[in-house]
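Notes follow the structure.
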Amino acid sequence: MTKKPLIAVTGASSGIGAATAEAFSKAGHPVLMMARRTAPMEEMGLPNSVIAEVDVRDRKQLAAAVAKGEAAHGPIDMMFVNAGIARLADIGRQPPEEWDEMIDINTKGVMNTVHAVMNGMMERRTGTLVMMSSIAGRKVYADHTVYCGTKYFVHAVSESLREYLSDYNVRVIVLSPGVIETDVLSGVLDEQTLASYKENKAKMGGGIGADIVADLILNAYQLPQQALVQEICLTPTRQKF
């Protein structure tokens with residue numbers, strides 16, 4: 001039986017990241033799991049997993065984690081650039097420090113993660129980058145000002161990377177989910193914004209399970225390398241905007 005290639009996931013300690021790591025593990029892939037919190041990843045107990053404490057703002061931590069994973073299981077064939085934070089708030093009263101955190105993690109962290117694996121994929125002339133954006137990278141929402149900006153950044157960078165990396169047979173997939181059942185709300189510190197978000201979520205009957213999103217990523221990855229799903233945009237049926 002041919003050994004399946006290594007899959008890497010940032011933000012793998014919860015939500016869509018954890019669900020994706022589990023889906024690929026069940027499909028027989030070794031998984032490099034990276035996040036600032038290691039305990040939740042260890043508790044998952046996935047076979048052939050490599051766990052690394054990583055803050056995506058730190059390029060050296062990312063490089064060390066990639067080296068650790070590849071030493072154990074060979075080259076990374078897919079990187080899920082997933083780590084991010086949502087500090088949603090009314091822009092007029094939001095502390096600028098929250099802007100800094102989103103910009104550093106959701107934009108610089110994205111580029112640091114891509115940088116950690118891109119050259120290797122180019123040299124091997126194969127690989128897949130899955131870029132975590134959001135429907136907030138396609139539309140603008142109240143109380144999402146800087147968050148939307150960071151996700152529009154992901155869309156723009158991904159479009160450029162897709163064109164650039166196509167000559168190297170490397171795929172770039174953008175993931176743009178709507179309301180998903182994750183702990184993303186833990187990042188919302190503004191009480192009014194949090195209450196409004198929860199109210200809208202309840203009106204649509206709740207979010208979609210992270211496992212559904214993970215299965216879509218797995219399905220897109222399993223297509224032949226010459227076939228590319230450029231973007232996955234998934235929302236609850238009752239999400240109106």
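The values are calculated or read from the model by the stated rules, or taken from the named source; none is laboratory data. Remember, predicted model here, so these are calculated numbers, not experimental data. Ideal geometry is used to build each Cβ from the backbone, glycine not excepted, and the neighbour counts take in all protein chains shown. Heads up: the accessible areas ignore ligands, DNA and RNA and are worked out on the full protein's heavy atoms, side chains in. Shrake-Rupley method; radii C 1.70, N 1.55, O 1.52, S 1.80 Å.
Filter region 7-25 down to the residues that are open to solvent by less than 60 Å² (accessible area, probe 1.4 Å) and in a helix (DSSP H, G or I) and list them by number.
Going residue by residue through region 7-25, those that are open to solvent by less than 60 Å² (accessible area, probe 1.4 Å) are 7-21, 23-25.
Once the filter is applied, which keeps residues that are open to solvent by less than 60 Å² (accessible area, probe 1.4 Å) and in a helix (DSSP H, G or I), region 7-25 yields Gly15, Ile16, Gly17, Ala18, Ala19, Thr20, Ala21, Ala23, Phe24, Ser25.
Name the residues in region 134-150 that are in a helix (DSSP H, G or I) and in contact with a strand residue (DSSP E or B) (Cβ under 8 Å, 6 or more places away or on another chain), would you?
Of region 134-150, the ones in a helix (DSSP H, G or I) are 135-137, 145-150.
Passing the criteria: Ile135, Gly137.
Test Asn112 against the criterion of being open to solvent by 10 Å² or more (accessible area, probe 1.4 Å), under 21 Å from Leu228 (Cβ atoms), modelled with pLDDT of 95 or more and in a helix (DSSP H, G or I), and give yes or no.
Numbers: open to solvent by 10 Å² or more (accessible area, probe 1.4 Å): yes; under 21 Å from Leu228 (Cβ atoms): no; modelled with pLDDT of 95 or more: yes; in a helix (DSSP H, G or I): yes.
Taking the combined requirement at face value, the residue does not satisfy it.
Scan region 188-206 for residues that are open to solvent by less than 20 Å² (accessible area, probe 1.4 Å) and either closer than 14 Å to Gly17 by Cβ or free of Cβ contacts under 8 Å to residues at least 60 places away in the same chain (or both) and jot them down.
If the condition is that a residue be open to solvent by less than 20 Å² (accessible area, probe 1.4 Å) and either closer than 14 Å to Gly17 by Cβ or free of Cβ contacts under 8 Å to residues at least 60 places away in the same chain (or both), then Gly206 is the only one that fits.
Anything in region 162-184 that is part of a helix (DSSP H, G or I) and under 16 Å from the mean Cα position of the chain (by Cα)? List them, or say none. Even if it seems obvious, please write down each step before you answer.
Let us first name the residues in region 162-184 that are part of a helix (DSSP H, G or I), namely 162-166, 184.
Residue satisfying the conditions is Val184 alone.
Take the residues in region 138-161 that are at pLDDT 95 or above and among the small types (Gly, Ala, Ser); name whichever of them is farthest from the chain's Cα centre (by Cα).
My answer is Ser160.
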